[in-house]
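In what follows, a single structure is set out as structure tokens and then discussed.
Where a number appears in this text, it was derived from the coordinates with a stated rule and is not lab data. Not measured: the values here are computed from a predicted model. Here the Cβ positions follow ideal geometry from the backbone for every residue, glycine too, while neighbour counts run over all protein chains shown.
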Amino acid sequence: MTVDPQVLRSVMASYPTGVTIVTSQHDGQLCGMAANSFTSVSLDPPIVLVCCQRHARTAEAAKRSGRFAIHILRHDQVDHARAFVGRDAQRFDAVPHDVDANGVPILRDWLALIVCDTYSVMVAGDHEVLFGEITHCERVDAAPLLFHESALKMLPKLPALGPTAAAAADDDDLYDSLVRVLAPPIRPPRS
Ligand SMILES: Cc1cc2nc3c(=O)[nH]c(=O)nc-3n(C[C@H](O)[C@H](O)[C@H](O)COP(=O)(O)O)c2cc1C
């Protein structure tokens, strides 16, 4: 049975994800792209992956330099996502950043930052799967930017629930209270 690409796109668009900016550098050229195909792979060793269309400049730089970074965006960073899409986008001109000791561009603001050594790259059809072994990661407490039905979105502002509702004074508090009420923290299984 053949798969209709439009149906496949629509099916995948039904699956909500966060939004990341993947960055790397090679030969002095800073590279970065928006990517939602990010996922965790392994805890020991700590490995994540991002799927990049073949010949994406950021993936090429990650392969050549052996290093890259992934920035998970906050709900108020739509401008970051827009800056890192499109061939002629002004990418790094538009977004404050530094370059780490290994030459990897690190954005100044994010929900979470993951710095990786390139672990392996696997060709899969018209994309390449870029695996990274994490050398550093950290996060702040904030709500994520979402990508769903081909649009950038925030978590919906649902009516506050439960005993913490009164304390839900702003977006972040409301988000925290909803997460606590609707979904107690999930701990990974101990091996
Ligand atoms: C929200 C969002 C998510 C995206 N996710 C991916 C992705 O996972 N993989 C990918 O190859 N391109 C993805 N793109 C498209 C790339 O960001 C875009 O093609 C970019 O221009 C590629 O960088 P390059 O031009 O330097 O190769 C996404 C775009 C947006 C807006």
Original post:
For segment 5-155, with the dipole built from +1 on Lys and Arg beta-carbon atoms and -1 on Asp and Glu ones, taken about the Cα centre, which of LEU43, ALA101, GLY125 lies farthest toward the positive end?
Top reply: GLY125
**OP:** Convert 4 °C to kelvin, take the viscosity as 1.567 mPa s, use the Kirkwood radius over C-alpha pairs of segment 5-155 as Rh, and evaluate the Stokes-Einstein diffusion coefficient in µm²/s, rounded to a whole number.
**Re:** 84 µm²/s
Subject >> Segment ARG108-ASP76, extension gain: residue separation times 0.36 nm, minus the distance between their alpha carbons >> reply: 10.1 nm
Original post:
Highest mean first, what order results for 21-27, 133-139 on Cβ atoms within 10 Å?
Top reply: 21-27, 133-139
Subject >> Under Karplus coefficients 6.51, -1.76 and 1.60, residue-wise ³J(HN,Hα) of segment 12-26 in Hz, glycine/proline x >> reply: 5, 5, 6, 9, x, 9, x, 10, 10, 10, 9, 10, 7, 8, 8
Subject >> Contour excess over end-to-end distance, with Cα ends at VAL3 and HIS55 and 0.36 nm allotted per residue >> reply: 16.3 nm
**OP:** Please order TYR119, TYR15 by the number of other Cβ within 10 Å, starting at the fewest.
**Re:** TYR15, TYR119
Original post:
How do the peptides 106-113, 69-76, 92-99 rank, highest first, by the average count of neighbouring beta carbon atoms within 10 Å per residue?
Top reply: 69-76, 106-113, 92-99
